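Asker: One structure, as structure tokens, below. Some questions next.
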Amino acid sequence: MIRVLGALLVSIFPALAFGQVPFPQVPQPMISFSFEDKNWNVEATATPKSGLPHAPTPTTIPGARVIKTLELKALLEANKNVVVVDVLDSRTRKSIPGAYWLSGAGDGQFFAAEKSRFSAALEKLTGGDKTRPLVFLCISSECWLSYNASLHALEAGYKDVIWYRGGTNAWTGASLEWKKPESVNW
């Protein structure tokens, strides 16, 4: 009986069962921006993608959750504990207010040194709390950098990894404010 009840709770409230922050409810049907929900028919993979990062991405990511623009806006308003990490490689960058910028952190070829530096940067941003929600983003649903960074965070042991697939194109498509992010050397 207890197993059945536990299984039922996990199926109904998976975020709570796994210690993940629940996404706030937003009006339905949910509006999407800048192809953030476009299905490019790309298979999800648990391996970071090497090569050119600007290509269509899957709609899901193994071990992490995908969030849309209005859900992310509501989450950031409801929970100040969320850490937003922008990983787009660029000389200059504007992003979601409060985001940290780890340029290059979405590279598909991480070796031991990069993994160590990335883990140290995340430890600094999260205060060492591996259950703290981490949101990764880049420019759009045609950018693998945030997908890769999400996979790197999962490998580093983070439990609540959220991929913002729409990135800054979807954020600005919703006419939301954006600012220069705090650059983090790693």
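The values are calculated or read from the model by the stated rules, or taken from the named source; none is laboratory data. Just so it is clear, the model here is predicted, and its values are computed rather than measured. Note: ideal-geometry Cβ built from the backbone for every residue, glycine included; neighbour counts use all protein chains shown. Just so you know, the surface numbers come from the protein's heavy atoms only, side chains and all, with ligands and any DNA or RNA stripped out. Shrake-Rupley method; radii C 1.70, N 1.55, O 1.52, S 1.80 Å.
Asker: Being open to solvent by 60 Å² or more (accessible area, probe 1.4 Å) and either in contact with a His (Cβ under 7 Å, 6 or more places away or on another chain) or free of Cβ contacts under 8 Å to residues at least 12 places away in the same chain (or both) is the filter here, so list the residues in the stretch 116-128 that pass it.
Answerer: The answer is Ser116, Glu123, Gly127.
Asker: Then there's this: Can you tell me which residue among Glu114, Glu177, Glu123, Glu155 is within 18 Å of Ala44 (Cβ to Cβ), modelled with pLDDT of 95 or more and among the acidic types (Asp, Glu)?
Answerer: After ruling out the rest, the residue left standing is Glu155.
Asker: Please specify each residue of the stretch 60-73 satisfying the condition of being under 19 Å from Ser32 (Cβ atoms) and either surrounded by fewer than 16 Cβ atoms within 10 Å (Cβ to Cβ) or of a type in the set (Phe, Trp, Tyr) (or both).
Answerer: Matches in the stretch 60-73: Thr60 only.
Asker: Follow-up question, since we're still on this one. Consider Ser175 against the criteria (1) outside any helix (DSSP H, G or I); (2) touching a residue at least 12 places away in the same chain (Cβ under 8 Å): it satisfies all of them except one. Which criterion is unmet?
Answerer: Failed condition: (2).
Asker: List, please: which pairs have Cβ atoms under 7 Å, are six or more places apart or on different chains, and start with a residue in the stretch 49-67 that is more than 20 Å from Asp89 (Cβ to Cβ) and end with one that is exposed (fewer than 13 other Cβ atoms within 10 Å of the Cβ) and of a type in the set (D, E, K, R)?
Answerer: If the second residue must be exposed (fewer than 13 other Cβ atoms within 10 Å of the Cβ) and of a type in the set (D, E, K, R), the pairs left are Pro58/Glu43.
Asker: Give the residues of the stretch 159-172 that are open to solvent by 10 Å² or more (accessible area, probe 1.4 Å) and either of a type in the set (Phe, Trp, Tyr) or in a loop (DSSP other than H, G, I, E, B) (or both), sorted by residue number.
Answerer: Across the stretch 159-172, the qualifying residues are Lys159, Trp171.
Asker: Something else now. Of the residues that sit in the stretch 84-115 and are of a type in the set (Ser, Thr, Tyr) and open to solvent by 20 Å² or more (accessible area, probe 1.4 Å), which one is farthest from Gly157 (Cα to Cα)?
Answerer: This residue is Thr92.
Asker: A further question follows. Identify the single condition in (1) in contact with a helix residue (DSSP H, G or I) (Cβ under 8 Å, 6 or more places away or on another chain); (2) of a type in the set (Ser, Thr, Tyr); (3) modelled with pLDDT under 95 that Thr57 does not satisfy, given that it satisfies every other one.
Answerer: (3)
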